[in-house]
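> One structure, as structure tokens, below. Some questions next.
No value in this document is a laboratory result; all are computed from the given coordinates. Predicted, not measured: the structure shown is a model, and the values here were computed from it. No Cβ is skipped: glycine too gets one built from the backbone with ideal geometry, and neighbour counts run over all protein chains shown.
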Amino acid sequence: MAEQKADIALIGLAVMGQNLILNMDDHGFVVCAYNRTVAKVEHFLQNEAKGTKIIGANSLEDMVSKLKKPRKVMLLVKAGSAVDEFVRNLVPLLEKGDIIIDGGNSQYLDTQRWCKELQSTGIHYIGMGVSGGEDGARYGPSLMPGGHPAAWPHVKPIFQAISAKANGEPCCDWVGEDGAGHFVKMVHNGIEYGDMQLICEAYHVMKDILGMEQNEMAAVFEEWNKGELDSFLIEITRDILKFKDDDGKYLLPKIRDTAGQKGTGKWTGIAALEYGVPVTLIGEAVFSRCLSALKDERVKASRSLPGSNLKFSGNKEFLEHLRKALFASKLISYAQGFMLLREAAKVNGWNLNYGSIALMWRGGCIIRSVFLGNIKDAFTKNPQLSNLLLDPFFSERISTAQASLRQVVAQAALVGVPAPAFSSALAFYDGYRAEVLPANLLQAQRDYFGAHTYEILNKPGTFVHTNWTGHGGNVSATTYNN
Ligand code: NBP
């Protein structure tokens, strides 16, 4: 009897690939597994995949011959040249209507490039963000697919079946054209950087301003996880704080305080600069990791640079300020992330559904939280919402929490505990709500040294240059009406 044809092929038998294949198998799909190092295919079939319907292939040709049409081939390999190489080798083996899905952490610009290059072949390309790590891949990840829209109906049943569910709804929906899926995943990762940094700063404040013990901190995070901060990252922080090593001592203080990073937070910062969107909190989160990595320099500096000699004089009631500051800063960070999505959508012509993006992040992924349900509701009520801070639910929340954010930033500054993410959140908030900013002076400076012109406040569209070194009010005759 001929071997059963597979519904989908998956290339890449590392952590993510293996777990996604097993997840697809659980949901009744026949998967054909393949890997660059072919020996890993047999090993997988004989071990993790033993007793399943999963089949294997010993070459790309063999894999393609075992697929139902239109063929669907998913890549879960290292982003960059490995993806490029596989796509180049696959294209001659596939035909019009077949689909390649890149589920790795590829840069959205690479996905845009492949969508464009494959347009003339009729082979459809999808760049899909996958979040949730090993466990998510195995039991329900958050999936963010984008690319050639014609491919979506063919892969939708598979991806929506294997994805996480939030209130019964799949955390997977079509994001938009070309690189939209990978762009949304990139912003997700940036937001993850921001959330993690904020939690670390809250921990720092508890430890070095409030002088709390680890078990007390764990109890606070436990409590916070019952309310509006309820999220995966708060939950794991509680568990980490409680965790004791074999010697009965807490493990956390034994971990070297230098943060690693794989680059997606940095990409969000780069995209923010390129699109001109003030995604300041994620930027600070990336730079905080860079600063933490300067351990040796920090140790030296700690011995020579003085700090503050002010001591915190409050009490544990300050914890409520900290909780509210965390909520307010998190809201500001998400507002910034969605501002970046909106601008990128405008520039690239993507028709993003922000409510559905919030739902995709609601379950399965690292930033999953109750809060994302509120964001989904805000965009469902008003799909045209220009900024999350202006949604009635969130503006009411920030109105009550902003005073606490000021308390936390001020105390941290006075005592000398760094709180870059809290501080940048507050600075953004005050900048965003300011009717007048000092950019009038900045424009004057630019005009002074570079004749860049400035716009007259009460004559919109009228740009003039002033001869600043001449006598007062000597406005040049050059007037530009845009
Ligand atoms: P890795 O990112 O470690 O990649 C391992 C796979 O890439 C193996 O199949 C390996 O083949 C293949 N590969 C490499 Br490495 N270089 C290659 C090359 N030059 N040509 C062809 N194949 C090559 O695996 P992972 O951690 O499972 O992640 C897969 C993707 O999913 C990545 O893009 C990752 O960023 C993304 N992601 C990971 C996570 C996570 O929690 N790990 C979460 C979300 C997304 P080999 O076996 O022959 O060496």
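> In whole angstrom, note down how far apart the Cα centers of the range 166-207 and the range 315-382 are.
Measuring centre to centre over Cα atoms gives 8 Å.
> Next question, about the same structure. Tell me, in nm to one decimal, what length is gained between Ala403 and Val464 on full extension, where the rule is 0.36 nm per residue of separation less the Cα-Cα distance? Before the final figure, lay out the partial values.
On the way: separation 61, 0.36 × 61 = 21.96 nm, distance 4.06 nm.
Gain on extension, Ala403 to Val464, equals 17.9 nm.
> A further question follows. Subtract the Cα-Cα distance of His27 and Thr380 from 0.36 nm times their separation in residues, and report this length gain in nm to one decimal. Let's see the in-between values first.
On the way: separation 353, 0.36 × 353 = 127.08 nm, distance 2.99 nm.
Length gained, His27 through Thr380: 124.1 nm.
> With the crude spin-label approximation of a point 7 Å out along Cα→Cβ, what separation in nm comes out for Thr52 versus Lys68?
1.8
> For the charge dipole of the chain, defined by +1 on Lys and Arg C-beta atoms and -1 on Asp and Glu C-beta atoms about the Cα centroid, which residue among Ala451, Gly194, Ala82 has the Cα displaced farthest towards the positive pole?
It is Ala451, whose Cα lies furthest towards the positive end.
> Relative to the longest principal axis of the C-alpha atoms of the chain, give the angle of the C-alpha long axis of helix 152-162, reported between 0 and 90° and rounded to the nearest 10°.
Compared with the principal axis, the helix lies near 80 degrees.
> Does anyone have the angle between helix 295-304 and the longest principal axis of the chain? Alpha-carbon axes, 0 to 90°, nearest 10?
Between helix and principal axis, roughly 20 degrees.
> How much net charge surrounds Glu117 when only other residues with a Cβ under 12 Å from its Cβ are counted (Lys, Arg +1; Asp, Glu -1)?
Working: positive: Arg88, Arg113, Lys116; negative: Asp84, Asp110, Asp178.
So the surrounding residues net to 0.
> Can you give me the relative contact order of the range 1-146 as a percent, contacts being Cα pairs under 8 Å and 6 or more apart? Walk me through the intermediate numbers first.
Details: 270 pairs, mean separation 33.3, N = 146.
Computed over the range 1-146, the figure is 23 percent.
> Now for a different question. Tell me, what is the percent relative contact order of the range 234-329, built from C-alpha pairs under 8 Å that lie six or more residues apart? Don't skip to the end; give the middle numbers.
Numbers: 37 pairs, mean separation 20.5, N = 96.
The normalised contact order for the range 234-329 reaches 21 percent.
> Magnitude of the Cβ-charge dipole of the range 134-240, K/R +1 and D/E -1, about the Cα centre, nearest 20 debye? Intermediate values should be presented prior to the final figure.
Details: 7 positive and 18 negative charges, 100 e Å.
That gives a dipole near 480 debye.
> Here's a follow-up. When the dipole is taken about the Cα centre of the range 135-181, and only Lys, Arg (+1) and Asp, Glu (-1) are charged at their Cβ, what size is it in debye, to the nearest 20? Please list the in-between numbers first.
On the way: 3 positive and 5 negative charges, 40 e Å.
So the magnitude is around 200 debye.
> Distance cut-off 29 Å, Cα to Cα: go down the list Lys5/Lys376; Lys78/Lys266; Lys266/Lys376; Lys254/Lys376 and report the pairs above it.
Details: Lys5/Lys376 39 Å; Lys78/Lys266 18 Å; Lys266/Lys376 26 Å; Lys254/Lys376 39 Å.
From the list (Lys5/Lys376; Lys78/Lys266; Lys266/Lys376; Lys254/Lys376), the Cα-Cα distance tops 29 Å for Lys5/Lys376; Lys254/Lys376.
> Place +1 on the Cβ of every Lys and Arg and -1 on the Cβ of every Asp and Glu in the range 269-338, take the dipole about the Cα centre, and give the residue among Gly337, Ser292, Phe327 whose Cα lies farthest towards its positive end.
Selected residue: Ser292.
> Around Arg298, with a cut-off of 14 angstrom between Cβ atoms, what is the net charge of the other residues, counting Lys and Arg +1 and Asp and Glu -1? Mind showing how you got there, number by number?
Values: positive: Arg256, Arg289, Lys295, Lys300, Arg303; negative: Asp257, Asp296, Glu297.
Charge balance in the 14 Å sphere: +2.
> Go through the range 192-252 and name the GluC sites (Glu not before Pro) that are in a DSSP coil and have 13 or fewer other Cβ atoms within 10 Å of their Cβ. Mind showing how you got there, number by number?
Numbers: sites: Glu192, Glu201, Glu213, Glu216, Glu222, Glu223, Glu228, Glu235; in loops: Glu213, Glu228.
Here the sparse-neighbourhood loop sites are Glu213.
> Of all DSSP beta bridges in the chain, what percent run antiparallel (nearest 5)?
On the way: 16 of 37 bridges.
Antiparallel bridges make up about 45 percent of those DSSP assigns within the chain.
> Averaging sequence separations of C-alpha pairs under 8 Å and six or more residues apart, then dividing by the length of the chain, give the relative contact order as a whole percent. Present the calculation step by step, with values, prior to reporting the outcome.
Values: 825 pairs, mean separation 58.1, N = 482.
Worked out over the chain, it gives 12 percent.
> While we're on this one: Residue by residue through the range 277-294, which ³J(HN,Hα) values in whole Hz follow from phi under the Karplus form 6.51 cos²θ - 1.76 cosθ + 1.60 (θ = phi - 60°), with glycine and proline marked x?
10, x, 8, 6, 5, 5, x, 5, 5, 5, 5, 5, 5, 4, 4, 5, 6, 8
> Once the other residues with Cβ under 13 Å from the Cβ of Ala137 are scored (Lys, Arg +1; Asp, Glu -1), what is the net sum?
Residues close to Ala137 contribute a combined charge of -4.
> Can you return the lysines within cross-link range of Lys346? Criterion is Cα-Cα under 18 Å, with same-chain partners fewer than 8 residues away left out.
Partners found: Lys185.
> Relative to the longest principal axis of the chain, what angle (0 to 90°, nearest 10) does the C-alpha long axis of helix 232-242 take?
Between the helix axis and the principal axis of the chain, the angle is about 80 degrees.
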